[in-house]
Structure formats: C-alpha cells, structure tokens
C-alpha cells in the first residue's frame, strides 16, 4: 500500500529516530516527531528540518495515543539504556503497539536487533523479541528492522592513538567477522519500509553494511588516521555487565548476525561500508 499521510517517529531526538526522521523528510514525507521536551535544541532542530512536533512520553500512555491520532504509519524503537532495564523496554514496546493499534495505524516499523528471533539468550535481544511477539499477536501490521552492531559504537574504542598506532580493543577474538551497520543506514532502511512495507514481504529484515574482523576494523581506523592499526582482543569479562558479556560471547561463535546485505543495499542505495562511514564520521 502506497504511503498517504503522516508518519510518526517515536524517539525522534535519538540516534535511530533522528536518522529515520531525516530520511523521511528527504523523501518528501510529512513527519510527526515525538519528543518529550519540544524546547530542547534537538527537538527544535527537527522543526527547522521540516518536522512537526508532538509531545509524548512512555510514562503517559494517553500522550502516545494522542500523538498517533491521524497518523498512517509509525516508526519505533525501544531501549533499556534509559535505566528502565529489559522489563521497561518491553513495557515501552507494548505501550507503543497498543497506542498504534488503538489509533488505527496501518503499519508499524519496529527497530529490533539482528538475531532477535534466534533465541540468543542475550537479555536486550530477548526483550526486543518479546516486543516483536507482542506486535505479532496484536495483529498490528508491522515490519521488523533488525540491525547488526553499530559502526557508531566503535568510536569510543578507537579514537586515541597509542604509541604511534591506532589501537582497537574489543572483548572478542580476532579472526571472527562481525557484521555492522551505520545508524544513518538504519534510518534509511526504516524510511524505505515506512514508505513501501511490501519491499520486505517476509515482515523482517536483518541489516548490515559491512562485515569485518577486529584487525580489519583496526586497519580501517589506521588508514583514516595515517597510522598503523592494531587490534587487541580482550576477554569477554571486559565487556561490562552480564548482558554485554553474553553479546560478545555470542559474537565469538559464528554465525552470530546473519544479515541480508543484498536486501539491505536494495533498500538503501547509499548504504555505507565501514571505511566510507569512517571517512565521514571520524576525524582523528
């Protein structure tokens, strides 16, 4: 079904939400950006870019229903990063789905995670799968975008030269390829599916723009900086909490992510490799 009407974007000032807003606006779509504080600079930047604003908060379910009034399609993602934990993430996803269903939204694009459907045992993967299952059981037409590891997450690992080299440290063994994607490309794929959901008739797509080992990631940083790149594998225990340790342990045992890179590129003709993204995003 061709898009006719407004698209609401939940979490519009966040990374994925913002990328989706920008991709939709560039395609000429009318966007209603859901924000908690319309006076914040990030919210005002969306207005300057051409988006409408609607105030909505997960703590106020009525505000979500009001924000979805008259909306044709919705983009949403959930996270436990706000301190709400995985149970809070599931609750947020349920609230969005219920509000969308109540408002008569014709299609929801939910950004989940690669591998969500494969019973990984990783807490923040399992919580996203619970949201997916709720949406499916609700009977709300939906497409699940399942991103792989974000390029953007690597910047904090690699921005400072050490001893004349760029050192990348990750809690995973070298030699194991990791599928990854840029946040901007998540937004581009989400926008494409909000405009034309039938492009993924299966209702879900796992997406990636590149697949590199630790040494290849380090070499890419090195080339950008004009320095040698060196990868140092850390033990999984260095990942932090149990959730991240489980994720990096999963990475170490291929296959972990199983993205459809050809379909990703079809949905996003400007899909970036890691080096292309690094050239635009990192100034050593």
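Residues of region 23-48 being touching a residue at least 24 places away in the same chain (Cβ under 8 Å) and in contact with a strand residue (DSSP E or B) (Cβ under 9 Å, 6 or more places away or on another chain), which ones?
24, 25, 29, 30, 31, 32, 33, 34, 42, 43, 46
Please go through region 86-125 and pick out each residue that is outside any helix (DSSP H, G or I), touching a residue at least 24 places away in the same chain (Cβ under 8 Å) and closer than 25 Å to residue 199 by Cα.
First, pick out the residues of region 86-125 that are outside any helix (DSSP H, G or I): 104-115, 119-122.
Subsequent filtering for residues that are touching a residue at least 24 places away in the same chain (Cβ under 8 Å) retains 105-115, 120-122.
Passing the criteria: 105, 106, 107, 108, 109, 110, 111, 112, 113, 114, 115.
Residues of region 227-238 being at pLDDT 90 or above and part of a helix (DSSP H, G or I), which ones?
Looking only at region 227-238, we keep the residues that are at pLDDT 90 or above, and these are 227-235, 238.
Within region 227-238, 238 is the sole residue that qualifies.
Among the strands (runs of 3 or more DSSP E) contained in region 1-64, which hold 1 or more residues that are modelled with pLDDT of 95 or more, under 22 Å from the mean Cα position of the chain (by Cα) and surrounded by fewer than 21 Cβ atoms within 10 Å (Cβ to Cβ)?
Filter on region 1-64 gives 6-9, 52-55.
How many of the residues making up region 75-85 are in a loop (DSSP other than H, G, I, E, B) and crowded, with 24+ Cβ neighbours inside 10 Å?
Applying the first criterion (in a loop (DSSP other than H, G, I, E, B)) to region 75-85 yields 78-84.
Right, trim to crowded, with 24+ Cβ neighbours inside 10 Å and you get 78.
Selection size over region 75-85: 1.
Considering only region 134-154, how many residues are over 20 Å from residue 251 (Cβ atoms) and in a helix (DSSP H, G or I)?
5
Which condition from (1) crowded, with 24+ Cβ neighbours inside 10 Å; (2) within 28 Å of residue 209 (Cβ to Cβ); (3) touching a strand residue (DSSP E or B) at 6+ places or on another chain (Cβ under 8 Å) is the one that residue 157 breaks?
Of everything listed in (1) crowded, with 24+ Cβ neighbours inside 10 Å; (2) within 28 Å of residue 209 (Cβ to Cβ); (3) touching a strand residue (DSSP E or B) at 6+ places or on another chain (Cβ under 8 Å), residue 157 misses just condition (1).
Looking at region 265-276, is at least one residue in a loop (DSSP other than H, G, I, E, B), touching a residue at least 60 places away in the same chain (Cβ under 8 Å) and over 15 Å from residue 186 (Cα atoms)? Walk me through how you get there before you give the answer.
First pass over region 265-276, keeping only residues in a loop (DSSP other than H, G, I, E, B): 268-273.
Okay, now just the ones that are also touching a residue at least 60 places away in the same chain (Cβ under 8 Å), so 268, 270-273.
Restricting the remaining residues to those that are over 15 Å from residue 186 (Cα atoms) gives none.
Checked against the condition, which is being in a loop (DSSP other than H, G, I, E, B), touching a residue at least 60 places away in the same chain (Cβ under 8 Å) and over 15 Å from residue 186 (Cα atoms), region 265-276 yields no hits at all.
Can you name the condition, by its number, that residue 166 falls short on among (1) crowded, with 22+ Cβ neighbours inside 10 Å; (2) modelled with pLDDT of 95 or more; (3) in a strand (DSSP E or B)?
(2)
In region 232-284, which residues are surrounded by 18 or more Cβ atoms within 10 Å (Cβ to Cβ), touching a strand residue (DSSP E or B) at 6+ places or on another chain (Cβ under 9 Å) and under 18 Å from residue 19 (Cα atoms)?
Hits for region 232-284 are 264, 267, 268, 271, 272, 274, 277.
Which one of 262, 191 is free of Cβ contacts under 8 Å to residues at least 12 places away in the same chain, farther than 17 Å from residue 151 by Cα and either part of a helix (DSSP H, G or I) or touching a helix residue (DSSP H, G or I) at 6+ places or on another chain (Cβ under 6 Å) (or both)? Even if it seems obvious, please write down each step before you answer.
Details: 191 fails: free of Cβ contacts under 8 Å to residues at least 12 places away in the same chain.
When all the criteria are applied, what remains is 262.
Which condition does residue 61 not pass, out of (1) out of contact with any helix residue (DSSP H, G or I) (no Cβ under 6 Å at 6 or more places or on another chain); (2) in contact (Cβ under 8 Å) with a residue 12 or more places away in the chain; (3) within 25 Å of residue 128 (Cβ to Cβ), if it passes all the others?
Result: residue 61 passes all but (1).
Tell me, yes or no, whether region 189-211 has at least one residue that is buried (at least 24 other Cβ atoms within 10 Å of the Cβ) and over 19 Å from the mean Cα position of the chain (by Cα).
For region 189-211, residues buried (at least 24 other Cβ atoms within 10 Å of the Cβ) and over 19 Å from the mean Cα position of the chain (by Cα): absent.
The values are calculated or read from the model by the stated rules, or taken from the named source; none is laboratory data. Since we're looking at a predicted model, the values are computed, not measured. Neighbour counts are summed over all protein chains in view; Cβ atoms, including those assigned to glycine, are modelled from backbone coordinates with ideal geometry.
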